[in-house]
Amino acid sequence: MSDIPQELKYTKSHEWIRVEDDGSLTVGITEHAQGLLGDMVFVELPDIGDEFEAEQDCAVVESVKAASDIYCPVEGEVIAVNEELEDAPEQINVNAYHEGWLFRIKPLKEDDLDGLMSPEDYAALVESESH
Amino acid sequence: MTLSNTNMQLKETPIIKAHQEMGAKLVDFGGWNMPIHYGSQLDEHHQVRNGAGMFDVCHMTIVDLRGFEVLDYLAKLMANDVAKIADKPGKALYSCMLNNDGGVIDDLIIYFMESAWVRVIVNSSTREKDLAWMRTQIGNMAVDLTERDDLAMIAVQGPNARELAATALADEIAGAQALKPFNALLINPGSDRERFVARTGYTGEDGYEIVCPNTQAEQMWRQLANAGIKPCGLGARDTLRLEAGMNLYGNDMDETQSPLESGLSWTVDFSNDKRQFNGRSSLEKQKQQGLKYKFVGLILEGKGVLRAHQEIVGGGELTSGTFSPTMQQAIGFARVPLEAGETCQVAIRKKHLEAKIVKLPFVRQGKILVN
């Protein structure tokens, strides 16, 4: 079973979300997802100030194997991106939940987080997809 | 991100148990449960370029053709001319098998074994249509076709592969050391220790493809691993073949494409006027009317990754693409308009990115051949 930190929220499309103290959301891909995609070689991040709707594709991570869209977990505005990934996309493989973060958004609606998955629900999803 | 998963019953090679023990990440590869990597596709790639790696290629289809008319049969079936290898036991020839319109049914390697016996190794994904086509093409000729699904194949590749394989297998592959490139040897023929060893591969490095009975494959895999040959997945096999400028059936050519626009003109032999191979008249017509595209290598100038089906601005498209671990740049194969010069632009998502047009291959025997 891959590592699924308790303090995070998740999406069915394998993004993780950390709620920061100021209410902004940091987004990345899960350990399970990076394991399946394999060695990362390129990341295309959104620009700061870009606004996205929930589930809109807003970034791309590419492993040697394939390109994968990253979906914005809730409607929001991009307030930071992890520029270090441009030269070191392998950080996603090394530490998906910390150095491998992708971008941070300011949510535009307050109750949006209710639609995200709990660690337990995400663990169940991973389990069901591996059978 | 969407991650595919399947519940279909997958076929397994006789080495599956060793793969699982050695930490393979297994995926559905054309209906086979195959290792995509054993931890890191990049590490496996470098291992083959710099040392030795091995691939389970048991999913590939081995076909024995026997009969006194087998060479006449292949002269019609194959776009390359089997006369080049006739009466040269062990000699191998790469060829396309064409349909009557000149489209590529499959690409394969033909080994001349002995008079009235030729071994052909075709792709796994095309197995059924290949066998059907090959059987109908026999007609009334004295040719007998046997699929050798009792045999397994392991590819050992890399600058140290042959030496390590000799250490691991010793007498089992006695005599293989003396093989010249693109030649094969049958060892202990007819016995239960029969080995077919070919100095061929799909990585651009030296090495062998070793065939043994299914029942002995797992043991051979373990012997090779114990000698220090690292298990590699099909992920690395793809980046290696791309760097080596080798076509992949289904990506770089198929039944709708001519070998002449797929970088395979060198494998189509028109020299004998009397040899009316399948598709010949269609290819001659294409040449007369003039080809529209040339098949080239591309190197992306900036950051990003080239992928199959990305469009070339102004016409043409990529047929294969990846990130080259050796060059640390995105590379690919493409059909570009004949008049294209030194560069072209590739449409990647919303951007048009500059790519350099180069002659294939990119890498051979550990060395980068393009600048």
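The values are calculated or read from the model by the stated rules, or taken from the named source; none is laboratory data. Since the structure is predicted, the reported quantities are computational estimates derived from the model, not experimental observations. Using ideal geometry, Cβ is built from the backbone for each residue, glycine included, and neighbour counts are taken over all protein chains shown.
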Working carefully through the options B:F323, B:F277, B:F295, find the one that is within 14 Å of chain A (Cβ to nearest Cβ), buried (at least 20 other Cβ atoms within 10 Å of the Cβ) and among the aromatic types (F, W, Y).
B:F323
Starting from residues that are part of a loop (DSSP other than H, G, I, E, B) and at pLDDT 60 or above, keep the ones in the range B:2-17 and report whichever is farthest from the other protein chains (Cβ to nearest Cβ).
B:P14
Restricting the first residue to the range B:39-58 and requiring it to be in a helix (DSSP H, G or I), which pairs with a second residue that is surrounded by fewer than 24 Cβ atoms within 10 Å (Cβ to Cβ) and hydrophobic (A, V, I, L, M, F, W, C) meet a Cβ separation below 7 Å and a spacing of at least six or different chains?
none
Among (1) within 14 Å of another protein chain (Cβ to nearest Cβ); (2) of a type in the set (G, A, S); (3) over 20 Å from B:D43 (Cα atoms) - the single one A:S63 does not satisfy:
(3)
Condition broken by B:C212, with the remaining ones in (1) over 19 Å from B:P14 (Cβ atoms); (2) outside any helix (DSSP H, G or I) satisfied
(1)
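Out of curiosity, is B:Q257 in a strand (DSSP E or B) and polar (S, T, N, Q)?
Answer is no for this residue.
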Among the numbered criteria (1) touching a residue at least 60 places away in the same chain (Cβ under 8 Å); (2) farther than 26 Å from B:E44 by Cβ; (3) crowded, with 17+ Cβ neighbours inside 10 Å, which one does B:L360 miss?
(2)
The strands (runs of 3 or more DSSP E) lying entirely within the range B:146-201 that contain at least 2 residues which are over 27 Å from B:G67 (Cβ atoms) and in the same structural domain as B:G90 (by TED's automatic domain parsing) are B:151-157
Within the range A:21-37, identify whether any single residue is facing chain B (nearest Cβ under 9 Å), within 18 Å of A:E99 (Cβ to Cβ) and either over 12 Å from the mean Cα position of the chain (by Cα) or surrounded by fewer than 22 Cβ atoms within 10 Å (Cβ to Cβ) (or both), and answer yes or no.
yes
I'm checking my understanding of the structure. Among residues of the range B:176-197 that are touching a strand residue (DSSP E or B) at 6+ places or on another chain (Cβ under 6 Å) and without any contact (Cβ under 8 Å) to a residue 40 or more places away in the chain, which one is surrounded by the most Cβ atoms within 10 Å (Cβ to Cβ)?
B:V197
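Would you say B:A168 is out of contact with any helix residue (DSSP H, G or I) (no Cβ under 9 Å at 6 or more places or on another chain) and not hydroxyl-bearing (S, T, Y)?
So B:A168 fails the test.
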Looking at the range B:307-320, which of the residues that are free of Cβ contacts under 8 Å to residues at least 40 places away in the same chain and part of a strand (DSSP E or B) is nearest to the other protein chains (Cβ to nearest Cβ)?
B:L318
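Every residue, every condition in (1) under 21 Å from A:V64 (Cα atoms); (2) at pLDDT 95 or above; (3) aromatic (F, W, Y); (4) not assigned by TED's automatic domain parsing to the domain that holds B:G341, yes or no:
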{"site": "B:K285", "(1), (2), (3), (4)": "no, yes, no, yes"}
{"site": "B:V305", "(1), (2), (3), (4)": "yes, yes, no, no"}
{"site": "B:Q310", "(1), (2), (3), (4)": "yes, yes, no, no"}
{"site": "B:G316", "(1), (2), (3), (4)": "no, yes, no, no"}
Conditions (1) small (G, A, S); (2) in a loop (DSSP other than H, G, I, E, B); (3) surrounded by fewer than 22 Cβ atoms within 10 Å (Cβ to Cβ) -> B:G304 fails only (3)
If we ask which residues in the range A:76-99 are away from every other protein chain (no Cβ under 14 Å) and either surrounded by 17 or more Cβ atoms within 10 Å (Cβ to Cβ) or part of a strand (DSSP E or B) (or both), their number turns out to be 9
Some residue of the range A:41-55 being buried (at least 22 other Cβ atoms within 10 Å of the Cβ), more than 12 Å from chain B (Cβ to nearest Cβ), on the phi < 0 side of the Ramachandran plot and hydrophobic (A, V, I, L, M, F, W, C)
no
Can you name every residue in the range A:100-124 that is part of a helix (DSSP H, G or I), without any contact (Cβ under 8 Å) to a residue 40 or more places away in the chain and farther than 18 Å from A:Q34 by Cα?
A:E110, A:D111, A:D114, A:E120
Take the residues in the range B:110-162 that are surrounded by fewer than 17 Cβ atoms within 10 Å (Cβ to Cβ) and of a type in the set (K, R); name whichever of them is farthest from B:L224 (Cα to Cα).
B:R135
